Each structure stands twice: as C-alpha cells, then as structure tokens.
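Working notes, structure below.
The values are calculated or read from the model by the stated rules, or taken from the named source; none is laboratory data. Here the structure is a predicted model, which means the values were calculated and not measured. Side chains are part of the model used for accessible areas, which takes the heavy atoms of the whole protein and leaves out ligands, DNA and RNA. Shrake-Rupley method; radii C 1.70, N 1.55, O 1.52, S 1.80 Å.
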Amino acid sequence: MKAKSGHFGNAIIMILPILMLVVLYVLEFDTGHIYHVEVEIGESELYTADEIEEAASVLKCYFFLNMPGFEIREISYQEEEAYPQMLAMAETGEIGGMENVIVFRSVYVRLHGYDGVGENNTEQTRQWILTRDSEEGKWKVDTSIRP
C-alpha cells in the first residue's frame, strides 16, 4: 500500500506558481509605485528632519496603498511654500497648532492605462496635507489638492 502524503506536496507545488503570479499582479497593478521616489527636505523652523521624514514615510505608505497605477517620483517639503496652508489649518483650531500639520508637494505619473493620448503620462503635481494626532504623535494623510 502507498502512502497518500505525496498528493498534498504535489498540490502545493502546482498551486504555488499560480499564487506567486497573483501576488505579483496585485503588487504591480493594484498599488502605487514608490520605489524610486526622491524626498527633498528644505530648512524648517517647525520640525526636525526626523519628524519630516516620518511624515514623508506615512505619505509614501498612503500612496502605495491608495494610488494604484501611479508612480510617485518626488516628495518635497519647503516650509516657505507650505506655510500659508499650514497656518490656515492651524487657525481652525482642530489640529492643536502649527506643529501638527505639514504640507508636501509631490510629482507623480500614471503608469498603467496609458494609451498614448492625452496627459496620462505627463508629470502631475499634488499637495498633500498631513495632520498629527497631538496625543499619540502619529501622522496621517488628511487631504490632497491638485493645483
């Protein structure tokens, strides 16, 4: 009599390549691409470099999970450029002060679905407003604006 343990191993060997293809497809087409992003950080009187980098990491993670088919190429923080929006957000009183809001500018392109017509493959810019929970100190993407 033969043992039936070989059937389970054969099934795994047959299913594993299909599972790997599904995972690769999901990573390629159902996520945003952040692999070659350049992060530029200007001088800041409000934040340390570590705080800005932490907020940029949150933005990259958000982009990866929520912008499928796009590739982010640049994230920049320039305090002089972002200050008016940060001040307006802080004045609402909802976030607890200027130290709890940061604004980034990003450059990104559409990778998938480009048909050679229109502006799908041109670089686009977007401003991202992140707020920080004053109790936990965690950043989150609040909103984004296409100028």
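Table for the structure above
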{"read-out": "Accessible-area order (highest first, 1.4 angstrom probe) of the listed residues GLU51, GLU79, GLU99", "value": "GLU99, GLU51, GLU79"}
{"read-out": "Note, ³J(HN,Hα) from phi for region 87-92, Karplus 6.51, -1.76, 1.60, rounded to Hz, x at Gly and Pro", "value": "5, 4, 5, 5, 5, 5"}
{"read-out": "Region 45-111: equivalent-ellipsoid semi-axes (sqrt of 5 x gyration tensor eigenvalues, Cα, Å)", "value": "24, 12, 12"}
{"read-out": "Amide H partners (placed H, <5 Å) of ARG73, local residues excluded", "value": "VAL107, TYR108, VAL109"}
{"read-out": "Heavy-atom SASA rank of ASP50, ASP142 (probe 1.4 Å, accessible area, largest first)", "value": "ASP50, ASP142"}
